[in-house]
Amino acid sequence: MPFGRPAGVETQTETGMDKPRTRLRIGVGAGMADDRIGPALQLLEECDPDYLVCECLAERTIARETLSRRHDGARGYNPMLEERMRAFLPLCRQKGVRLVSNMGAANPAGAAQAALEIGRELGWRELRCAAVVGDDVIDRVRAHPELALMDRKLPLEDILPRLASANAYLGADVVRDALATGAQVVMTGRVADPSLFLGVALHHHHWAYDDLPRLAAGTIMGHLLECSAQITGGYFADPGKKDVPRLAELPYPYADLYSDGELFIGKPDGSGGRLDRMTCAEQALYEIHDPSGYVTPDCVLSLDGLHFEELTPDRVAVRGIGARARTDTYKVVVGYFDGWIGTGEVAYAGVNAIARAQLAADVVKERFRLDGGAASEIQVDLIGVSSLHGSHAASLSSDPYEVRLRVAARCPDKKSAHLLGDHVRQLNMQGPYGAGGPVNLGAKEIIAVDAVLIPRDWVNPQVITMGA
């Protein structure tokens with residue numbers, strides 16, 4: 001018997017239309033690299049998803065994992081992969097749920113192999129895994145220093161000696177192809193966040209890759225789900241203004257996407273959090289530069305007619321989405337080394353705490369200069385007073401009884417970064433009185449990111465299968 005449940009056929013929609021169609025239910029397993037595991041288990045146990053999708057890559061994450069793989073060729077994938085697989089695979093096997101994730105980061109094949117080994121250890125001998133590879137285009141990019149950086153408006157040549165990674169945002173078609181192998185677990189590297197979800201829909205519903213109304217439905221589904229609990233009340237609560245019941249118990253969402261493109265977002269019945277037009281609207285606009293033209297590898301999405309209909313406290317209908325044909329380029333996120341940051345912190349309390357903290361900062365900067373420290377920028381923050389808005393009059397109008405000083409420097413070398421933190425730590429004996437908890441937070445290498453556009457035919461994504 002093939003893995004998974006047969007697609008459900010329904011003859012009644014929630015709007016009363018008498019029309020046979022299939023339903024796809026996708027649950028969210030993660031929305032960031034170190035997201036919580038418990039809410040995903042709740043979905044698996046209570047909501048009967050067909051697929052669980054874990055979206056775990058930020059712009060800098062894949063550059064970080066590229067460095068990890070350089071130190072250990074067997075690594076380079078999400079550090080929580082093992083923990084998630086041990087939690088999810090038993091329930092996925094029991095309930096016939098397939099799992100798709102970009103936890104592969106800089107090493108999708110290694111991630112798929114790790115998932116396979118964990119599954120076999122747990123007794124799942126017939127487990128099959130697939131890896132999507134080909135998003136790493138650093139060699140292609142290196143050969144074209146004339147490419148234009150999208151944010152800095154400079155040629156790639158300016159950062160080429162410091163280039164650490166270059167990964168194309170692949171689309172839903174390669175996720176569809178990986179699922180077509182029959183794999184129960186699919187690991188990818190850099191795939192656009194909504195494309196992870198749309199790829200599942202393309203495979204499950206056998207949609208054509210040029211069916212724009214359905215591509216629009218699948219893409220907005222992915223965009224609404226990609227940040228896990230942000231659509232169910234996370235990053236939303238403002239006491240007395242935007243209240244979220246049982247915020248500590250935020251659930252993850254799921255989507256019901258029908259073969260005709262009708263879309264609903266839900267959360268477990270009676271769960272905490274909040275799912276309504278306001279939470280959906282905020283997530284819909286998240287990271288959208290142009291609501292009328294949100295460019296993805298699969299289509300150009302338009303939110304102009306988007307609206308939400310609240311059906312129950314745990315269910316919202318998504319209406320009015322449209323799309324245009326995809327562009328002829330892939331976006332490539334490039335990571336590059338951009339120096340070091342050194343940081344130190346110390347607290348002051350009591351009468352005149354602000355003045356003592358400001359004096360301490362001046363002392364640190366002068367000693368750093370006298371000892372030959374090099375920095376292109378030094379930032380002084382009085383946490384709770386000026387760390388967000390600088391020396392704003394409203395922030396400095398009172399005299400807090402306590403404050404924590406943070407001094408950070410952008411340095412060209414690791415030695416200078418450590419020196420800055422050392423001078424903050426030494427304030428306990430060599431600065432104003434009353435220093436509390438001084439620490440040198442160490443030197444951190446900076447990986448900055450930008451992006452370039454490349455022709456689609458420069459990218460050759462492939463699927464690798466392994467297992468039974």
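The values are calculated or read from the model by the stated rules, or taken from the named source; none is laboratory data. The shown structure was predicted, so the numbers you read here are calculated from the model rather than taken from an experiment. Heads up, the Cβs are rebuilt from the backbone with ideal geometry, glycines too, and the neighbour counts pull from every protein chain shown. Keep in mind that these areas ignore ligands, DNA and RNA; they rest on the heavy atoms of the full protein, side chains included. Shrake-Rupley method; radii C 1.70, N 1.55, O 1.52, S 1.80 Å.
Please compute the modelled spin-label separation between Thr181 and Leu453, points set 7 Å along Cα→Cβ, answer in nm with one decimal.
The two pseudo-label positions are separated by 3.2 nm.
Tell me, what ³J(HN,Hα) does each residue in region 364-370 have, in order and in whole Hz, if you take phi through Karplus 6.51 cos²θ - 1.76 cosθ + 1.60 with θ = phi - 60° and put x for Gly and Pro?
Each residue's phi maps through the Karplus curve to give 4, 4, 5, 5, 4, 5, 5 Hz.
As a quick test, which of the pairs Lys365/Lys415; Lys153/Lys365; Lys331/Lys444; Lys331/Lys415; Lys241/Lys267; Lys242/Lys331 have an alpha carbon distance above 24 angstrom in this structure? Write down the numbers at each step before the final one.
Values: Lys365/Lys415 16 Å; Lys153/Lys365 32 Å; Lys331/Lys444 28 Å; Lys331/Lys415 36 Å; Lys241/Lys267 22 Å; Lys242/Lys331 36 Å.
Violating the 24 Å limit, Cα to Cα: Lys153/Lys365; Lys331/Lys444; Lys331/Lys415; Lys242/Lys331.
Quick query: amide H of Arg21 versus all other amide H atoms, modeled in the peptide plane; which residues come in under 5 Å with a sequence gap of 5 or more or a different chain?
Excluding prolines and chain starts, which carry no amide H, the hits are Glu10.
With no solvent and one equal point scatterer placed on each C-alpha of region 258-385, evaluate the Debye formula and give log10 I(q)/I(0) for q = 0.11, 0.17 Å⁻¹, two decimals.
Values, matching the q order: -0.74, -0.93.
Given the DSSP H assignment, sum -39500 (n - 2.57) over each helix run of at least 4 residues in the chain and divide by its residue total; what's the result at 222 nm in deg cm²/dmol, nearest 500?
After summing the helix terms and dividing by the residues of the chain, the value is -8500 deg cm²/dmol.
Give the Cα extents of the chain along the principal axes, in whole Å, largest first.
Sorted largest first, the three principal extents are 76, 55, 47 Å.
Which Rg and Dmax, in Å, describe the Cα atoms of region 94-195?
Expressed in Å, the Cα Rg and Dmax of region 94-195 come to 17.0, 53.
Where the centroid of each part is defined by its Cα atoms, how far is region 241-297 from region 316-388 in Å?
With region 241-297 and region 316-388 each reduced to a Cα centre, they are spaced 30 Å.
Express in whole angstrom the spacing between the alpha-carbon centres of region 65-95 and region 126-200.
Measuring centre to centre over Cα atoms gives 18 Å.
Out of the total accessible area of region 141-180 (probe 1.4 Å, heavy atoms of protein only), what percent is carbon and sulfur? Each step should come with its number before you reach the end.
Values: 930 of 1770 Å².
Within region 141-180, the accessible surface is 53 percent carbon and sulfur.
Each residue of region 66-74 in turn: what ³J(HN,Hα) in whole Hz from Karplus with 6.51, -1.76, 1.60 and θ = phi - 60°, glycine and Pro shown as x?
In residue order, the calculated couplings are 4, 5, 4, 5, 5, 6, 8, x, 7 Hz.
Report, to the nearest 10°, how far helix 193-205 tilts away from the longest principal axis of the Cα atoms in the chain, using its own Cα long axis and a range of 0 to 90°.
Tilt relative to the chain: about 10 degrees.
Counting pairwise Cα distances across region 334-451, what percent come out greater than 26 angstrom? Don't skip to the answer; put the middle values down first.
Numbers: 1490 of 6903 pairs.
It works out to 22 percent of all Cα pairs.
Could you go through region 437-450 in sequence order and give the Karplus-derived ³J(HN,Hα) for each residue, using 6.51 cos²θ - 1.76 cosθ + 1.60 with θ = phi - 60°, rounded to whole Hz, and x for Gly and Pro?
x, x, 9, 9, 7, x, 9, 10, 6, 9, 10, 8, 10, 8
How large is the accessible surface per residue of region 231-311, computed with a 1.4 Å probe and reported in Å² as a whole number?
Value for region 231-311: 44 Å² per residue.
What angle do you read, to the nearest 10 degrees and between 0 and 90, between the alpha-carbon axis of helix 414-425 and the longest principal axis of the chain?
60 degrees
Order 113-123, 56-66 from most to least packed using the mean count of other Cβ atoms within 10 Å.
Numbers: 113-123: 18.6, 56-66: 21.5.
Ranked from most to least packed, the peptides come out as 56-66, 113-123.
May I ask for the angle, rounded to the nearest 10°, between helix 81-95 and the longest principal axis of the chain, with both axes built from Cα atoms and the value confined to 0 to 90°?
20 degrees
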